[in-house]
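Right, one structure below, let's go through it.
What follows draws every value from the coordinates through simple rules; no lab data is involved. Bear in mind the structure is a predicted one, so any value in this text is a computation, not a measurement. Every residue, glycine among them, receives a Cβ derived from its backbone with ideal geometry; neighbour counts consider all protein chains shown.
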Amino acid sequence: MPSLPRELSPRQSPSLFEVASYSPELIEDLFARAERFEKNVHVNGYFQNPKHRVVGLLFFEPSTRTRLSFQMAAQRLGYETLHFDNASSSLSKGESFSDTVLNLVAMGPDALVIRYGISPELDQLLPTLPVPVINAGSGIASHPTQALLDAFTIYREKGSFSGLKVLIVGDIRHSRVARSNFDVLTRLGATVAVCGPPEFIQKNDLPTQVKVFESLDEAVEWCDIYMGLRVQLERHAESGSLSNDQEIAAYHSSFGLTQTRLQKLKKDAIILHPGPINHGVEFASGASVMKDPRNRVLQQVTNGVLIRASLLAQIFDGISLKENA
Ligand code: CP
């Protein structure tokens, strides 16, 4: 790991690397702020009285929802954002990810939002930085803000997590969203289950309290919340997975939300997906799933702005995280 420049001291402020650092009380505060911000924005056009802050947005992997919703959240708080553009950056000249992070931090942003692939070097470096760091998705390990906005969406629909049955379907093995959701949702009191092809589910990797369904037809009738996941072909080491129309059709038939399964889903269930969606793979192509009255996929995106704004404000207010942060 590269050493820190002398003028950078280890960070004092709270960061968000894993949802494990978020207690139920802190999550309650996060949700309450998000709802307060939603009311404020209708009246004032901003979430709270503006303060001057600069938030660095450093995305080494592609993103639409997370990057733009952090930008929107920051702007509604009156903050400015500092953007890193992968394509025009000095990464193309061979600069390392770590040096890129250190240089951006040396410019003095008040917080850093970062997305990156599998990188033990960055995993080691980020907790030593002198600014709050928010994990915007790290490899296949975790995506804490996605799980928090998913939980917020469920909370707003259902009012409580106790006894709620959440089904996560698809490429569990490569999903940072699933990992962070296991942590948040089980701690809040929901029962979580997964369903997918055996090659996408490593039972030894799952927390013991997560149930596994072999049959999606059975699981779809069981659940109150149906969360589809994208098949993340770019993270599959093995080649040929879902590489032709026949394999895609077979996957969709066994593990997709088809018209028939939509009919089996409870009337008061809700349908979630972190995006981006592969239509015709995890969801039936055409309008049936997206126009279904139980679909909350775009509501998740709207809630994502509120939750990320609430998180930024919490962090700048100096929240106190659990010691395992
Ligand atoms: N849900 C999610 O992380 O989407 P993006 O990759 O577009 O940010």
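General remarks:
- Most mobile listed residue (Met227, Met72, Met107) in the chain, GNM with C-alpha springs under 10 Å: Met107
- Multiplying the residue separation of Glu121 and Gln246 by 0.36 nm and removing their Cα-Cα distance gives an extension gain of 41.0 nm.
- Cα long-axis angle, helix 24-44 against the chain (0 to 90 degrees, to the nearest 10): 80 degrees
- Compactness of the range 167-270 is given as radius of gyration and Dmax, 13.6, 40 Å, from Cα positions.
- All C-alpha to C-alpha distances of the range 108-148, sorted into 10 Å bins beginning at zero, yield P(r) values of 28, 57, 15 percent in whole numbers.
- Dipole magnitude (debye, nearest 20) for the range 137-283, charges at Cβ of Lys, Arg, Asp, Glu: 500 debye
- DSSP finds beta bridges in the range 8-160, and of those with both partners inside it, around 5 percent are antiparallel.
- For the chain, the longest principal axis of the Cα atoms and the long axis of helix 144-158 meet at an angle of about 50 degrees.
- For Lys93, a cut-off of 13 angstrom between C-alpha atoms picks up no aspartates and glutamates at all, skipping any fewer than 8 places away in its own chain.
- Percent of beta bridges antiparallel (DSSP, the chain, rounded to nearest 5): 5 percent
- Net length available on complete extension from Glu234 to Asp29 is 70.2 nm, with 0.36 nm assigned per residue and the Cα-Cα distance removed.
- Spin-label pair Trp222-Ser285: with each label point 7 Å from Cα along the Cα-Cβ axis, the two points sit 3.1 nm from one another.
- Paramagnetic label zone (point 7 Å from Cα along Cα-to-C-beta, Met107; backbone N under 13 Å) in the range 57-78: 57-59
- Taking 7 Å steps out from each Cα toward its Cβ at Glu199 and Ser162 produces label points 4.4 nm apart.
- Computed over the range 49-191: relative contact order in percent, which uses C-alpha pairs under 8 Å that are six or more apart: 21 percent
- For His273, His279, order by how many other beta-carbon atoms lie within 10 Å, fewest first: His279, His273
- Difference of contour (0.36 nm per residue) and Cα-Cα distance, Val54 to Ala141: 28.6 nm
- Rounded to whole Å, sorted largest first: equivalent-ellipsoid semi-axes of the chain, Cα gyration tensor: 33, 24, 18
- Pairs from the list Lys39/Lys165; Lys39/Lys291; Lys39/Lys264; Lys158/Lys203; Lys165/Lys203; Lys165/Lys291 with a Cα-Cα gap above 25 Å: Lys39/Lys165; Lys39/Lys291; Lys39/Lys264; Lys158/Lys203.
- Take the Cα of Leu68, step 7 Å toward its Cβ, do the same at Asp317, and the gap between the two points is 2.9 nm.
- Electrostatic dipole magnitude of the chain [Cβ: Lys, Arg +1; Asp, Glu -1; Cα centre; debye, to 20]: 800 debye
- 0 to 90° range, to nearest 10: angle between helix 245-255 axis and the chain longest Cα axis: 80 degrees
- Dipole of the range 1-155 computed with +1 at Lys/Arg Cβ and -1 at Asp/Glu Cβ about the Cα centre; of Leu91, Gly108, Ser63, farthest Cα towards the positive end is Gly108.
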